Structure formats: structure tokens, C-alpha cells
1. Please enumerate, by chain and number, the lysines with C-alpha under 21 Å from the C-alpha of Lys108, excluding those fewer than 8 residues away in the same chain.
2. Which residue, Ile145, Ile84, Trp164, has the largest displacement toward the positive end of the dipole of region 49-164 when charges sit on each Cβ (Lys, Arg +1; Asp, Glu -1)?
3. Counting Lys and Arg as +1 and Asp and Glu as -1, what is the net charge of the other residues whose Cβ lies under 14 Å from the Cβ of Arg63?
4. So what are the ³J(HN,Hα) numbers for region 161-173, from phi and the Karplus equation (6.51, -1.76, 1.60; θ = phi - 60°), rounded to whole Hz, Gly and Pro as x?
5. Suppose every K and R has +1 on its Cβ and every D and E has -1 on its Cβ; what is the size of the dipole of region 49-164 about the Cα centre, in Debye to the nearest 20?
6. Can you list the HN-Hα couplings for region 348-359, worked out from phi with the Karplus curve (6.51, -1.76, 1.60; θ = phi - 60°), rounded to whole Hz and with x for Gly and Pro?
7. How much net charge surrounds Tyr323 when only the other residues with a Cβ under 9 Å from the Cβ of Tyr323 are counted, with Lys and Arg +1 and Asp and Glu -1?
8. For region 171-367, build the charge dipole from Cβ charges (+1 Lys, Arg; -1 Asp, Glu) around the Cα centre, then report which of Phe234, Gly181, Thr353 sits farthest towards its positive end.
Amino acid sequence: MRLSRIITVLKKEFIHIKRDKASLIMALIMPVMFIFMFGYAVNTDVDNVDMAILDMDKSTVSRELISKFEASNYFNITRYVKNIDEIEEMIKDNVVKSALVIPGNYSKNMEDSRSEIQIIIDGVDPNIASTALKNAMMVSNDYSISVMGVERNTGKVDVKTKVWYNPDLESTKFTIPGLIGLVMQNITVMLTAFSLVREKERGTMELLMVSPIKPPELILGKMIPYIIIGGIDFIIALVLGTRWFNVEIVGSVPLLLILGMAFVICSLAIGILISVVATNQAQAMQMTMLFILPSVLLSGFVFPREAMPFVIEKAGYFIPLTYFLEIIRGIILRGSSFTNLIDEAIPMITFMTFLIILASVKFRKKLD
């Protein structure tokens, strides 16, 4: 082994690294980005859970109880409703995660030391649900003690709790639908991320450039076979995930398949865009990982987005998986309709359209 030969190879490798500035920049940025992202996003302590209020008593006493919930850092009172149906619709729409129901005879019963309230929790995410239940009991107990007097240490408020859509708080029911979405994203992004890069490295890109094929035609031609494969993969993942792990699909299967295919196309478009931008397969792999890892964190797949700092939470809205997780969990667990999911479906379809157009424009510029 001769040192001079090693130095020669070393110099050559540094020249390659210098030429491939994009890969070097990504390699240096990734640890900084991931450390900050993981540090802020990995948090299971949920505060300010959105809550709806159904106050049928409308008394001074009921307003005092509401103010206790409002003053705590555990709940964020966003809506006042008129009936229980509105609460159900809001939870299905993912507008609120909890609700406080105060009966019409609440203030009268307070005088007789036998008052009762109800706490309703969306059980789709067991982490948020268990935290919300614990905090609701804590606030109610504190209020009871303050009303009765600390020395008696007994409460007047009897809290009845009701968990919807996942009453046993089974983590499997939350994890499996999310896993289906995550697996489909990762598979489909990687399917197309290397398609055009392979053409460049094999030298067949020149043949495409001199052919009469237009950029949109090439992009769609590249995507359609993978759309078929991705669609089959989605059906396999959906059937296997729900049947094997006993997760019942409460909502519409056709709606889930339609929106699932839209997500597959959206993920394939992300892969195509990566393939257009990357100059080699190593770059394509780096870009793929640069996209996939944050999507696991910021989409709400594992960690509740409500627990994330404001900026990190909002960054999740730029990841299509964030919307699809709400869609697939909403249909499978809550039985949500398209009307309930329109706020998630429209942005996801918009992303899909935008990414296909952007990939076509980028590819056209490369041809020019």
C-alpha cells in the first residue's frame, strides 16, 4: 500500500465532491435541519387542545366553570355550539378534539351538591385523547374543590367522560391508517425519483430530447405505469392493514380509494420532480431522504402536531402526507364524508396538480 496512490485517489474524490456542489450542500444542511426539526417536533406533551362548549344552562355558575377551562393551558375554547350534533360534525371535520357539555339544570343541581357535566373526546389519536381526559378531570376537580372549599376536599361536579371513534384508545387503530399513508408515500416517491435520473446516467436522455415528445407527455408517460403499480400497492396495503390488524373501515371505501389514488399521484409527482432536479442517482436519493424524514415527523404520523411549535406545525401543511393522514384516519375511524374532508382533499389535489406542472416546467427548461 502506497501513500502516494491514496493521496491521488483522495484528490480525485475531492474534485468530484467540489463539482457536485448540490450533494455537498445537502450533506452539510441535513444534520442541522434534522437536529432542530427533531428537537422541536418530537414532543408528546399536548396543550391547548381545541374544545367546543355546549352550555345549556347559560348561568353565572356555568360560565365560571367554562372560565376555569379557558384559563387553563390545557384547552383552547374555539367554538360555542347549540346541540350535540354540532359537536359530532366539528369532531368529524377535525375542527375540535374535545367538547364540554353543561346540562340545563347544572346551576340548580350545584345547589343540591349533585351537578354533572360531560366531557367528549375525539379518541382517534390516543395520545391527545388520554392527555385531554386527564387534564379535563384535573380542571374539573380543581373547580369542585374551589367551590366546596379546600378543607372538605370533596367535589360537587360529577364528570362523565365519553370517547368517540376509538373508545378503548387502541393505538393500533391510530397507527395502522397512518402507516398505510406513510408506506404509500415512501414507495411511490422512490418509484419515480430515479426514473429520469436513470435516463441521464444511461445516456438515453439525448434520444428523448431530440424526439417530438413534449415535456408534459414525457412526464405523464413516465407516471402512468407507476400510477397503476401505486394503485395496486395502495389496495394491498389497505386490505392487509385493515384485515390483518382488525381495523374496521367505518366510512366509504370508494371515497377512500378515490382520495387514496389522488395521494398516490401526488407522491409520484414529488418523485418525478426530484428526478427532474437531480443530476444523478446519489442526489436523487439524498433529496428523497430529505423529503421523507421530515414528512414522518411533521405530518402527525407519530407525534401530535398540536404539541409542535407554531412554525414547525405550519411547516407540516407543505407536506401532502399531512392532509392524507387526516383523510385516511377520518374515513376509516370516524366515517367522515367528503364534505367533512374537503379542507384536506382540496389542498392535496392542489399539491398534486402544482407538482405535475412544476415538474413539466423544470424539465422544459432543462431541454432548452
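Each value in this text was obtained by applying a stated rule to the coordinates, not by laboratory testing. Computed from a predicted structure; not experimentally measured. So basically every Cβ, Gly included, is an ideal-geometry build from the backbone, and we count neighbours across all protein chains shown.
1. By straight Cα distance, Lys108 reaches Lys58, Lys68, Lys82, Lys156, Lys160.
2. The residue sitting farthest along the positive end of the dipole is Ile145.
3. With Lys, Arg at +1 and Asp, Glu at -1, the neighbours total -2.
4. Whole-Hz 3J(HN,Hα) from phi for region 161-173: 10, 9, 9, 9, 6, 8, x, 8, 6, 6, 5, 4, 5.
5. In debye, rounded to 20, region 49-164 gives about 200.
6. Each residue's phi maps through the Karplus curve to give 5, 5, 5, 4, 4, 5, 4, 5, 5, 5, 5, 5 Hz.
7. With Lys, Arg at +1 and Asp, Glu at -1, the neighbours total -3.
8. Comparing the listed Cα positions along the dipole, Thr353 ranks first.
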